[in-house]
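Visitor: Here's a structure for you.
The values are calculated or read from the model by the stated rules, or taken from the named source; none is laboratory data. On a predicted model such as this, the values are computed, not experimentally measured, just so you know. Positions of Cβ are backbone-derived with ideal geometry, glycine not excepted, and every protein chain shown enters the neighbour counts. All accessible areas refer to the heavy atoms of the entire protein, side chains included, with ligands and DNA or RNA removed. Shrake-Rupley method; radii C 1.70, N 1.55, O 1.52, S 1.80 Å.
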Amino acid sequence: MNRLQKIALFNLGVAMTGLGLQLIQFLISDLLVTRLIASSVTFILCSFLVASYIFRAKVAKRGGLHYDERDSYIHKRAALAGFITFFLVLFLEVMISLSIFGFGSSITIGWVFTIFILAALSIFFVESVTILIQYGREGKGEKS
Amino acid sequence: MNRWQKIAWFNLIVIVAGSVISMVAVGTLPPDERLVPPNRVTVVIVISLVLVGMAKTIFRKSDKGVDFDERDRQIHRRASLFGWTGLGLGMAATAMICYLAVGPRGSFPPLALPVIPLVGVAICIILESIAALIQYGRAGDKS
């Protein structure tokens, strides 16, 4: 497993934890303490994801053995898959929100941010899964 | 100008014109009818999206020769990535604008939510078309 696969695996774990927390927050939305804890932990997890993204960008910039044409191709495709998923998840969430709240009611700005955080976490989740799938299960002899 | 440049120009013009007409239509509607579909804004949006969807049918592939090679694939992949990245950033910016507009404890009708993905789609198509046109160059090729 090369360095980029390890980063993808790390991102996948963090994104899954974040998505799980957001789901808990979504289901137990009445408890203020739960919401506060879930939001704080999600914020920290998002910081980890951003840091990992910057680290990957540094590896990509350095090039050489750690990042060749194939890696670039894999990451571009994964990023595209992530952004398309972001849009689809956001669209789905908007439709679910419309059906939950109805047309006559009103929604708070916090709800909009929850929708965005869920959609943003789905980018990292799908991107990581796509990277891992494209590199293959056993790897092709890449070394970190 | 090749077929893909024509499609990019077509998409760009349709979406920019659709956005401008939608904004004008929103301005002419009474405030309580702005977010209640179907209205004239919905019609403009649907027509714009249908036209963009039909672009490949409108600009048909010519019978002679290859019209999509490795270079076109590279250009389209890069343009798509650019467009979708713009979509993500655009939607994040829309959420921040909503926050600034209504404040930290504010609220708004759920019917305003579909506007966010629509703005995102418009940004995505505009940026994708611009990125494709820039990569093909100003003069383009005759393929």
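Visitor: Can we say B:LEU29 is open to solvent by 80 Å² or more (accessible area, probe 1.4 Å) and either more than 25 Å from A:GLY102 (Cβ to Cβ) or of a type outside the set (Gly, Ala, Ser) (or both)?
Guide: no
Visitor: Could you pull out the residue among B:ASN39, B:ASN11 that is out of contact with any Gly (no Cβ under 6 Å at 6 or more places or on another chain), modelled with pLDDT under 85, open to solvent by less than 60 Å² (accessible area, probe 1.4 Å) and not basic (Lys, Arg)?
Guide: None of the other options fit; the residue is B:ASN39.
Visitor: Condition (residue is in contact (Cβ under 8 Å) with a residue 24 or more places away in the chain, within 21 Å of B:PHE10 (Cβ to Cβ) and in a loop (DSSP other than H, G, I, E, B)) applied to the stretch B:87-107: is it met by at least one residue?
Guide: No; the residues of the stretch B:87-107 include none that is in contact (Cβ under 8 Å) with a residue 24 or more places away in the chain, within 21 Å of B:PHE10 (Cβ to Cβ) and in a loop (DSSP other than H, G, I, E, B).
Visitor: Now for a separate question. Does the stretch A:42-58 hold any residues that are modelled with pLDDT of 80 or more and exposed (fewer than 15 other Cβ atoms within 10 Å of the Cβ), and which are they?
Guide: Residues satisfying the conditions are A:PHE43, A:ILE44, A:SER47, A:VAL50, A:ALA51, A:TYR53, A:ILE54, A:PHE55.
Visitor: For the stretch A:103-120, which residues satisfy the criterion of being over 14 Å from the mean Cα position of the chain (by Cα) and facing chain B (nearest Cβ under 7 Å)?
Guide: Within the stretch A:103-120, A:PHE103, A:SER105, A:SER106, A:ILE107, A:THR108, A:ILE109, A:VAL112, A:PHE113 qualify.
Visitor: Out of (1) out of contact with any strand residue (DSSP E or B) (no Cβ under 7 Å at 6 or more places or on another chain); (2) open to solvent by 20 Å² or more (accessible area, probe 1.4 Å); (3) not polar (S, T, N, Q), what's the single condition that is false for A:ALA8?
Guide: (2)
Visitor: Looking at A:ALA51, A:ALA81, A:ALA15, A:ALA38, which one is within 22 Å of A:ALA119 (Cβ to Cβ), within 14 Å of chain B (Cβ to nearest Cβ) and in a helix (DSSP H, G or I)?
Guide: Result of the check over A:ALA51, A:ALA81, A:ALA15, A:ALA38: A:ALA81.
Visitor: Mind telling me which of the residues B:ARG60, B:ARG73 ends up being outside any loop (DSSP other than H, G, I, E, B) and of a type in the set (Lys, Arg)?
Guide: Of the residues listed, the single one that is outside any loop (DSSP other than H, G, I, E, B) and of a type in the set (Lys, Arg) is B:ARG73.
Visitor: Here's something else I'd like to know. When residues of the stretch B:72-116 are filtered for being at pLDDT 85 or above and at the interface with another protein chain (Cβ under 7 Å from one of its Cβ atoms), how many remain?
Guide: Of the residues in the stretch B:72-116, 6 are at pLDDT 85 or above and at the interface with another protein chain (Cβ under 7 Å from one of its Cβ atoms).
Visitor: Suppose we keep only residues that are open to solvent by 30 Å² or more (accessible area, probe 1.4 Å) and touching a helix residue (DSSP H, G or I) at 6+ places or on another chain (Cβ under 7 Å) within the stretch A:86-102. Which one would you say is farthest from the other protein chains (Cβ to nearest Cβ)?
Guide: Checked the stretch A:86-102; the qualifying residue farthest from the other protein chains (Cβ to nearest Cβ) is A:VAL89.
Visitor: May I pose another question? Kindly establish whether A:ILE74 is at pLDDT 85 or above and more than 10 Å from every other protein chain (Cβ to nearest Cβ).
Guide: The answer is yes for A:ILE74.
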